[in-house]
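Below is one structure; the comments refer to it alone.
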Amino acid sequence: MPYRSPVTDYTFLLNHVVGYDRVCATEVFAEAGADIVEAILTEAGRMCDEVMAPLQRGGDLNPARLENGVLRTSPGFADGWKAISEGGWIGMSGNPEHGGMGLPMTVTTAVNEMMSGACLSLQLAPLMSQGQIEALEHHASDAIKELYLPKLISGEWSGTMNLTEPQAGSDVGALSSKAEPNGDGTYAVTGQKIFISWGDNDFCDNVCHLVLARLPDGVPGTKGISLFLVPRNLPDENGNAGVANSLKVVSLEHKMGLHGSPTCVMQYDGATGWLVGEEHGGMAAMFTMMNNARLGVGGQGVGVAEAAWQHALAYALERKQGKSASGTIVDHADVRRMLMSMKADVFAARAILMACAVAIDMGNATGSAEWKARAAFLTPIAKAFGTDTGISVSETGVQVHGGMGFIEETGAAQFYRDVRVTAIYEGTNGIQAMDLVARKMMDGGEAASRLLDEIEAHAEGARAQLPELAGPVWEASETLREATEWLVGQGDMTERFAGAVPYLRAFARVLGAHYHLAAALADKGGAREKLARFYINALLPEHDSLLVQARNGAGDLYALDLDELAA
Ligand SMILES: Cc1cc2nc3c(=O)[nH]c(=O)nc-3n(C[C@H](O)[C@H](O)[C@H](O)COP(=O)(O)OP(=O)(O)OC[C@H]3O[C@@H](n4cnc5c(N)ncnc54)[C@H](O)[C@@H]3O)c2cc1C
């Protein structure tokens with residue numbers, strides 16, 4: 001079955017579940033009303049279904065390759081990029097002053113998710129550009145903005161993000177790339193970066209790299225890092241891509257999946273770059289890009305989960321095996337269990353993603369500290385739960401296919417191979433969970449507590465109509481509140497970190513139940529209420545055991561010494 005973008009699910013979520021009406025009630029986003037958004041999503045959905053989805057398999061079978069130092073992208077990807085650029089899908093949320101559409105992140109997030117479901121490898125390219133656009137809008141000089149933003153937004157040029165080095169992965173502060181002032185306002189950037197997504201392509205006139213490096217007086221660690229814009233081709237006097245800069249793609253990684261996306265080892269040999277933001281302020285500038293990308297990567301997980309779910313359902317509706325009402329496997333109880341879990345989790349993960357995007361838009365439009373704190377709190381949950389859902393749903397999709405799931409021709413395995421990296425890049429999901437229980441709880445748990453207050457008030461309000469669903473949601477929120485208070489009370493961070501991953505997942509489970517409850521209220525007696533019932537009865541209870549793990553502390557983890565661990 002060909003991929004179909006879930007436009008209807010999005011319009012339902014925006015109108016009935018995540019309170020998008022608050023976004024378009026702000027002055028900034030007044031023009032992005034529900035009808036306009038639906039039209040935009042429909043148009044984007046068409047591009048995803050008709051242009052991007054047909055490229056998915058070809059990208060897997062014909063990976064990007066390096067020929068005599070020239071990068072060749074997978075067949076059709078250049079046309080895909082053209083359709084994405086010409087549709088304006090790169091600069092949806094970009095500043096209209098530079099050619100963007102100024103749309104809310106909520107809309108961009110929805111479109112990005114649909115593009116990911118259609119063809120993840122290709123979608124990673126515009127995602128990188130979007131992060132760069134946002135970082136430049138916030139931190140670059142006016143001259144850089146005027147030259148680069150229109151070209152990045154139009155897709156004439158593309159953007160990348162260069163943090164990782166062999167010895168500096170999660171620990172970005174360990175990087176050793178250097179930048180020396182040239183004396184004319186530019187810098188000479190030298191070093192090697194690994195794992196750089198879309199480090200080059202053969203369809204843009206220029207590729208602009210945002211590179212983290214250390215100035216001669218930069219102190220060790222993250223505080224001494226600065227950010228540089230280093231284009232593949234130096235702009236000429238007319239602002240066009242001119243002579244080649246001193247940088248190159250050394251090699252491409254051979255990966256488990258995501259083959260259509262070239263993952264490059266980059267070498268910079270005194271390449272000319274321009275400072276973005278303050279000297280030694282690179283991490284702050286890069287964080288703008290990383291936060292954008294974290295939400296985007298969460299959406300990648302949800303998008304692939306949607307595609308894997310559609311694929312598995314189509315197979316289950318056709319595969320005849322054993323005795324069942326319809327004669328196909330879709331009526332076997334265990335297959336139903338898999339399909340219902342997939343559908344219910346896709347909805348929960350998508351709702352969390354959209355709620356996070358709404359909070360970002362509300363923070364930007366109103367400047368409210370409370371909305372900003374909500375956005376910051378939800379970002380690691382949206383990233384980690386979105387990508388974990390991508391992995392679990394696509395893995396279940398393989399199982400629904402039985403033996404054919406293990407055979408590449410069906411395409412079921414590709415979803416799993418492609419999406420696996422989303423839990424690793426943009427900060428591993430372990431790092432996301434640590435961020436949640438440390439930095440995002442520096443407020444003493446206030447942002448968490450406000451969210452739980454809202455969940456409980458909503459459940460209270462739902463008791464009269466759906467008591468058997470509202471009750472468990474309220475109780476789950478209370479258990480989560482107790483665990484949150486316990487975590488906040490742990491002064492020793494190792495105690496918090498030991499339970500961070502199960503805590504994040506438990507929080508996502510409860511949030512998912514909250515949004516399913518909202519969907520049930522909006523569709524009483526309908527399919528959404530039935531799906532919510534399954535989620536709350538069958539999947540929500542997982543939060544209890546997760547919170548037991550979250551509160552177990554670090555003692556048992558370190559009980560074995562290294563010899564005993566290895567024995
Ligand atoms: C396909 C692909 C594309 C990528 N694209 C880009 C890109 O475009 N730009 C870019 O800069 N990078 C990119 N990356 C790099 C990616 O962001 C890193 O791989 C990731 O941040 C993890 O770093 P690492 O691989 O060095 O793992 P490590 O940091 O070595 O981590 C190994 C394990 O240890 C855990 N760990 C590490 N430190 C801690 C800690 N302090 N506490 C608890 N656990 C910890 C991790 O969670 C992980 O489970 C890409 C990677 C891949 C595979």
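Within segment 299-333, restricting attention to residues that are modelled with pLDDT of 95 or more, among the small types (G, A, S) and over 19 Å from R417 (Cα atoms), the residue that is least open to solvent (accessible area, probe 1.4 Å) is A316. Given the criteria in a helix (DSSP H, G or I), away from the ligand (no atom under 16 Å from the Cβ) and open to solvent by 40 Å² or more (accessible area, probe 1.4 Å), does A457 qualify? Yes, satisfied.
Looking at segment 397-427 only, could you name the residues that are closer than 19 Å to A375 by Cα and touching a Ser or Thr at 6+ places or on another chain (Cβ under 8 Å)? Scanning segment 397-427 gives a single hit, G427.
Taking segment 155-175 as the range and being in contact with a Lys or Arg (Cβ under 8 Å, 6 or more places away or on another chain), more than 14 Å from the ligand (Cβ to nearest atom) and part of a loop (DSSP other than H, G, I, E, B) as the test, only G155 passes. Tell me whether segment 354-365 contains one or more residues that are more than 24 Å from T288 (Cβ to Cβ), away from the ligand (no atom under 16 Å from the Cβ), among the hydrophobic types (A, V, I, L, M, F, W, C) and assigned to a helix (DSSP H, G or I). Looking through segment 354-365, none of the residues is more than 24 Å from T288 (Cβ to Cβ), away from the ligand (no atom under 16 Å from the Cβ), among the hydrophobic types (A, V, I, L, M, F, W, C) and assigned to a helix (DSSP H, G or I). Selection of segment 193-225 for residues being at positive phi and either surrounded by 15 or more Cβ atoms within 10 Å (Cβ to Cβ) or near the ligand (Cβ under 9 Å from one of its atoms) (or both) yields F195, W198.
Residue-level analysis places A438 among those that are more than 22 Å from Q123 (Cβ to Cβ), surrounded by fewer than 15 Cβ atoms within 10 Å (Cβ to Cβ), within 21 Å of the chain's Cα centre (by Cα) and of a type outside the set (S, T, N, Q). Scanning segment 324-352 for residues that are of a type outside the set (D, E, K, R) and in contact with a Ser or Thr (Cβ under 6 Å, 6 or more places away or on another chain) returns H332, M338, M342, A349. Of all the residues in segment 236-267, those that are within 14 Å of the ligand (Cβ to nearest atom) and surrounded by fewer than 12 Cβ atoms within 10 Å (Cβ to Cβ) number 2.
Within segment 108-126, the set of residues being of a type outside the set (G, A, S) and in contact with a Phe, Trp or Tyr (Cβ under 9 Å, 6 or more places away or on another chain) comprises T108, V111, N112, E113, M114, M115, C119, L120, L122, L124, P126. Scanning segment 180-192 for residues that are away from the ligand (no atom under 16 Å from the Cβ) and surrounded by 15 or more Cβ atoms within 10 Å (Cβ to Cβ) yields T186, Y187, A188, T190. Taken together, the residues in segment 304-328 that are part of a helix (DSSP H, G or I) and more than 30 Å from C119 (Cβ to Cβ) amount to 0. The number of residues in segment 268-298 being under 16 Å from the mean Cα position of the chain (by Cα), among the aliphatic types (A, V, I, L, M) and open to solvent by 10 Å² or more (accessible area, probe 1.4 Å) comes to 1.
Where helices (runs of 4 or more DSSP H) sit wholly within segment 11-110, those with at least 3 residues that are modelled with pLDDT of 95 or more and open to solvent by 70 Å² or more (accessible area, probe 1.4 Å) occupy 34-47, 77-86.
For (1) at pLDDT 95 or above; (2) open to solvent by less than 70 Å² (accessible area, probe 1.4 Å); (3) touching a helix residue (DSSP H, G or I) at 6+ places or on another chain (Cβ under 8 Å), each residue gets a yes or a no:
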site: A464; (1), (2), (3): yes, no, no
site: L480; (1), (2), (3): yes, yes, yes
site: Q549; (1), (2), (3): yes, no, yes
site: L565; (1), (2), (3): yes, no, no
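Within segment 422-435, residues that are modelled with pLDDT of 95 or more reach partners that are within 6 Å of the ligand (Cβ to nearest atom) with beta carbons closer than 7 Å, at six or more positions or on different chains, in the pairs T428/S170; I431/S170. The listed residues are R336, R350, and the only one of them that is in a helix (DSSP H, G or I), of a type outside the set (G, A, S) and open to solvent by 60 Å² or more (accessible area, probe 1.4 Å) turns out to be R336.
Restricting attention to segment 403-416 and to residues that are under 20 Å from M338 (Cβ atoms) and open to solvent by 40 Å² or more (accessible area, probe 1.4 Å), the residue that is nearest to the ligand (Cβ to nearest atom) turns out to be Y416. Take E529 and tell me if it is in contact (Cβ under 8 Å) with a residue 60 or more places away in the chain, farther than 22 Å from C356 by Cα and of a type outside the set (A, V, I, L, M, F, W, C). Here the answer is yes, as E529 does meet what is asked.
The values are calculated or read from the model by the stated rules, or taken from the named source; none is laboratory data. What you see is a predicted model, and the numbers here were worked out from it, not measured in a lab. FYI the Cβ positions are ideal-geometry reconstructions off the backbone, even for glycines, and counts take in every protein chain you see. Protein only, heavy atoms only, side chains kept; ligands, DNA and RNA dropped before computing areas. Shrake-Rupley method; radii C 1.70, N 1.55, O 1.52, S 1.80 Å.
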